Amino acid sequence: FPSHDMVLNGRAKPSSGEIKIGGINLHENFQSVSQRIGSVPQSDILHTSLTVRDALKFGAKLRLPDDTSQEERESQVDLVLDKLELTQRAELRIDKLSGGQRKRASIGLELLTSPDVLLLDEPTSGLDPGLDAHVMETLRNLADGGQTVVVVTHSVDNLDICDNVVLMASGGHVAYCGPASSV
């Protein structure tokens, strides 16, 4: 049975139903639609010996179109740093950040390309309660700014910060789908 995040990012097909991004079937149009999804894995994927700014600059060089100027890339990096409240930590090495700051830097890597959907797998896994709440607040702020955010998690501690919740039961069956306030 494929994991839910693998189905949501298009790497595995659902056993039934379909996933649409902007009205387009993800699995029938994987090449074009998958580029509109920013996927943040559970494990951080940033080079720990780089500063936050350098890691994002490196990511921007790899992920943004080839015709993007250096000034445009740096502007996008600055925008992402600001959006994730990492500007004051930009010159710190990744390995010197707290777990929550590292997670926000990983999110930043995906935000560089301005994805339509930001998909996160267990973004608060392994974080202390205060840090996990801050990561979830960051995601709430992104959603309030217009970013579509989908979180796959086993933690129910911060569901009240979500707009909608889908609770999956054993076997992948939907046990609840609706507003977080009714969970």
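The values are calculated or read from the model by the stated rules, or taken from the named source; none is laboratory data. Given the structure is predicted, the values throughout are model-derived calculations rather than measurements. Backbone-built Cβ (ideal geometry, glycine too); neighbour counts: all protein chains shown. Ligands, DNA and RNA are stripped out before the accessible areas are found, and what is left, the full protein with its side chains, is counted by its heavy atoms. Shrake-Rupley method; radii C 1.70, N 1.55, O 1.52, S 1.80 Å.
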| message | For the stretch 85-104: of the residues being touching a residue at least 40 places away in the same chain (Cβ under 8 Å) and either hydroxyl-bearing (Ser, Thr, Tyr) or touching a strand residue (DSSP E or B) at 6+ places or on another chain (Cβ under 7 Å) (or both), which is surrounded by the fewest Cβ atoms within 10 Å (Cβ to Cβ)? | response | Glu91
| field | Candidate set: the stretch 45-70, residues that are open to solvent by less than 70 Å² (accessible area, probe 1.4 Å) and in a loop (DSSP other than H, G, I, E, B); chosen: the one nearest to Val135 (Cα to Cα) | value | Leu46
| Inter-residue pairs, beta-carbon under 9 Å, first within 16 Å of Pro14 (Cα to Cα) and in the stretch 167-180, second open to solvent by 90 Å² or more (accessible area, probe 1.4 Å) and polar (S, T, N, Q), 6+ apart | Gly172/Ser15
| query | Within the set of pairs 6 or more residues apart or between chains, which connect a residue that is acidic (Asp, Glu) inside the stretch 105-123 to a residue that is assigned to a loop (DSSP other than H, G, I, E, B) with Cβ atoms less than 6 Å apart? | reply | Asp121/Pro41; Asp121/Gln42; Glu122/Gln42; Glu122/Thr153
| said: Can you list residue pairs whose Cβ atoms sit under 9 Å apart, with the first residue in the stretch 127-154 being part of a loop (DSSP other than H, G, I, E, B) and the second being among the acidic types (Asp, Glu) and open to solvent by 60 Å² or more (accessible area, probe 1.4 Å)? Count only pairs 6 or more apart in sequence or on different chains. | reply: Gln147/Asp116
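Rundown of residues vs (1) over 23 Å from Thr148 (Cα atoms); (2) surrounded by 19 or more Cβ atoms within 10 Å (Cβ to Cβ), yes/no style:
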site	(1), (2)
Ser39	no, yes
Ser43	no, no
Glu72	yes, no
Lys83	no, no
| query | Which one of Gly100, Gly126 is of a type outside the set (Ser, Thr, Tyr), under 22 Å from Leu8 (Cβ atoms) and at pLDDT below 90? | reply | Gly126
| query | How many of the residues making up the stretch 8-37 are closer than 25 Å to Gly172 by Cβ and open to solvent by 50 Å² or more (accessible area, probe 1.4 Å)? | reply | 15
| query | Looking at Arg104, is it over 20 Å from Val166 (Cβ atoms) and charged (D, E, K, R)? | reply | yes
| request: Scan (1) open to solvent by 60 Å² or more (accessible area, probe 1.4 Å); (2) closer than 26 Å to Thr51 by Cβ for the single condition Asn164 breaks and write down its number. | output: (2)
